[in-house]
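Undergrad: Here you go, one structure.
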Number of protein chains: 2
Amino acid sequence: MTSTQLTRNQTLVLGALSQSEAPLSAYTILDKLRGEGFRAPLQVYRALEKLLEFGLVHRLESINAFVACAHPHQDCCSHGLTAFTICESCGKVTEFHDHVIEERLAGFARDRNFKPGKTTIEIRGHCDGCA
Amino acid sequence: MTSTQLTRNQTLVLGALSQSEAPLSAYTILDKLRGEGFRAPLQVYRALEKLLEFGLVHRLESINAFVACAHPHQDCCSHGLTAFTICESCGKVTEFHDHVIEERLAGFARDRNFKPGKTTIEIRGHCDGCA
DNA sequence: TAAGTTGCGTTATGCTATAACGTGTGCCAT
DNA sequence: ATGGCACACGTTATAGCATAACGCAACTTA
Ligand SMILES: [Zn+2]
Ligand SMILES: [Zn+2]
Ligand SMILES: [Zn+2]
Ligand SMILES: [Zn+2]
């Protein structure tokens, strides 16, 4: 695991995500960081781009939002598939890995000569507390 | 299976999607249907909303686009989870069902008292022909 | 020094989606 | 038939998400 030194903007964006209970949209992050001098969406998007690259942040495709990775320093699974549950009431996100699903999807792709890139698995619903 | 009579707008939107090789964004559909009198995004979005409801169309969350269902009249799996491969070169979409994955995800949700709603599984990559 | 790389800031623009309002039509219970 | 309702539709405006294009500054490498 290579520990990368984050820039100021990256640190601020990651901080905003880490402190939040729920996923944040880029524009919400922008608003939270206006006090720190942020003025434009690109400052957020550029930081997010790097943080995603470093594996410190995940993008939730189904809700156009971002979360800090729940276990950024864990090597196991760090390059594998990540799945999420997303509570539509409180925004709580749970991140998990499943090798059975991973292998099942890989097998399907192999069978069709499909070369898989990034895979999205997101379950929207309601968490225990919000049932 | 209840066969619903589609409105003119719904028929046009479904037609545009059915004829297309690749998924279409709402605005692309709009442009394709200007000749038929479409003027505004809402005409497309309202039709899509119903078509999604009828199970005739799927939304691909990871690319903000829509496809006609590959097997709209098939009862098996019609209420279950649908997964997609999406070719990032040619846009080809393949739709499939997998009960093992479905059960695996359901199990995970059960374990955490998470009540699952809509689930997204999308693999972006490159298809056989575009490898 | 010169060239390349990276991050940053700014302005402008484009793409995606919905709010809010009003119209018209068919249906049906009164 | 007439009032009320549900539903599709049309239009305008607005909200929300994301990137293009320019230029500057700092640092690295040759
Ligand atoms: Zn993670
Ligand atoms: Zn919740
Ligand atoms: Zn389908
Ligand atoms: Zn392809």
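Undergrad: When B:THR82 is evaluated against the numbered criteria (1) open to solvent by less than 30 Å² (accessible area, probe 1.4 Å); (2) more than 12 Å from the chain's Cα centre (by Cα); (3) not hydrophobic (A, V, I, L, M, F, W, C), which criterion, by number, is the only one it fails?
TA: Against the list (1) open to solvent by less than 30 Å² (accessible area, probe 1.4 Å); (2) more than 12 Å from the chain's Cα centre (by Cα); (3) not hydrophobic (A, V, I, L, M, F, W, C), B:THR82 comes up short only on (2).
Undergrad: Tell me yes or no: at least one residue of the stretch A:18-29 is assigned to a helix (DSSP H, G or I) and within 16 Å of ligand 1 (Cβ to nearest atom).
TA: Taking every residue of the stretch A:18-29 in turn, at least one turns out to be assigned to a helix (DSSP H, G or I) and within 16 Å of ligand 1 (Cβ to nearest atom).
Undergrad: Which residues, taken from the stretch B:113-131, are in a loop (DSSP other than H, G, I, E, B), open to solvent by less than 20 Å² (accessible area, probe 1.4 Å) and under 21 Å from A:ARG110 (Cα atoms)?
TA: B:CYS127
Undergrad: Starting from the stretch B:115-130, take each residue that is within 16 Å of ligand 2 (Cβ to nearest atom) and list its partners that are open to solvent by less than 30 Å² (accessible area, probe 1.4 Å), counting only C-beta distances under 7 angstrom and pairs at least six apart or across chains.
TA: Correct list of pairs: B:LYS115/A:GLY125; B:PRO116/A:ILE123; B:PRO116/A:GLY125; B:PRO116/B:ALA109; B:GLY117/A:ARG124; B:GLY117/A:GLY125; B:LYS118/A:ARG124.
Matching residues to (1) away from ligand 4 (no atom under 15 Å from the Cβ); (2) not basic (Lys, Arg):
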| position | (1), (2) |
| --- | --- |
| B:LEU60 | no, yes |
| B:PRO72 | yes, yes |
| B:LEU81 | yes, yes |
| B:THR85 | no, yes |
| B:ARG110 | yes, no |
| B:ILE123 | no, yes |
| B:GLY129 | no, yes |
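Undergrad: Please enumerate the residues belonging to the stretch A:85-125 that are facing chain B (nearest Cβ under 7 Å) and more than 18 Å from B:THR120 (Cβ to Cβ).
TA: Once the filter is applied, which keeps residues that are facing chain B (nearest Cβ under 7 Å) and more than 18 Å from B:THR120 (Cβ to Cβ), the stretch A:85-125 yields A:VAL100, A:ARG112, A:ASN113, A:LYS115.
Undergrad: While we're on this one: As an exercise: evaluate B:GLU122 against (1) within 23 Å of A:HIS99 (Cα to Cα); (2) more than 16 Å from DNA strand D (Cβ to nearest atom) and give the number of the one condition it does not meet.
TA: (2)
Undergrad: Of everything in the stretch B:16-26, what is more than 15 Å from B:LEU56 (Cα to Cα) and either within 10 Å of DNA strand D (Cβ to nearest atom) or touching a strand residue (DSSP E or B) at 6+ places or on another chain (Cβ under 6 Å) (or both)? Give them in sequence order.
TA: Across the stretch B:16-26, the qualifying residue is only B:SER25.
Undergrad: Quick check on B:LEU6: is it open to solvent by less than 20 Å² (accessible area, probe 1.4 Å) and either within 22 Å of B:HIS97 (Cα to Cα) or part of a loop (DSSP other than H, G, I, E, B) (or both)?
TA: Answer is no for this residue.
Undergrad: Is it true that some residue in the stretch B:65-78 is open to solvent by 60 Å² or more (accessible area, probe 1.4 Å) and aromatic (Phe, Trp, Tyr)?
TA: The answer is no; no qualifying residue exists.
Undergrad: Within the stretch B:7-38, which residues are closer than 22 Å to B:CYS90 by Cα and among the charged types (D, E, K, R)?
TA: Scanning the stretch B:7-38 gives B:GLU21, B:ASP31, B:LYS32.
Undergrad: Quick test for you: out of A:ARG39, A:ARG46, A:ARG104, A:ARG59, pick the one residue that is at pLDDT 95 or above and touching a Phe, Trp or Tyr at 6+ places or on another chain (Cβ under 9 Å).
TA: A:ARG59
Undergrad: On the basis of being in contact with a Leu (Cβ under 8 Å, 6 or more places away or on another chain) and at pLDDT below 95, does A:HIS97 make the cut?
TA: Yes, satisfied.
Undergrad: Name the one entry in B:VAL57, B:VAL93 that is within 11 Å of ligand 3 (Cβ to nearest atom) and either within 27 Å of A:CYS87 (Cβ to Cβ) or open to solvent by less than 20 Å² (accessible area, probe 1.4 Å) (or both).
TA: B:VAL57
The values are calculated or read from the model by the stated rules, or taken from the named source; none is laboratory data. What you see is a predicted model, and the numbers here were worked out from it, not measured in a lab. Cβ coordinates were reconstructed from backbone atoms using ideal geometry, including for glycine residues, and neighbour counts include every protein chain displayed. Side chains are part of the model used for accessible areas, which takes the heavy atoms of the whole protein and leaves out ligands, DNA and RNA. Shrake-Rupley method; radii C 1.70, N 1.55, O 1.52, S 1.80 Å.
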